[in-house]
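To keep things clear, I will list the structure first and then write my remarks on it.
Values quoted throughout were computed directly from the atomic coordinates according to the rules given, and no laboratory measurement underlies them. Remember, predicted model here, so these are calculated numbers, not experimental data. Glycine gets a Cβ as well: all are built from the backbone with ideal geometry, and neighbour counts include every protein chain shown.
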């Protein structure tokens, strides 16, 4: 893994935002399920999280999720301020496109199944 990405993940953990970002990505990728519903129906949460982790890495690489560290010099010395930037529009567009492609593949697969049944 890229050491800058590992640093990014550490900042996310330190800020207490890793679960929020993971949850946001999971909710955007599967909007038909509520997070508590997923736990109730017993889906494999570990797999869901690893998929979200892969997406976080991909989105970080694209610059859609980033943390900026701003160092300030004050009377009491230096301080650091962290800003989490999420390009939500880009992420929403990505998932919308993915759903359209998945839907098109499903329609194509369904059409092929109907043709095979009719012959």
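Quick notes
- By the beta-carbon count within 10 Å of each Cβ, the least crowded to most crowded order of 79, 29, fewest first, is 79, 29.
- By other beta-carbon atoms within 10 Å, ranking 83, 30 with the fewest at the front produces 83, 30.
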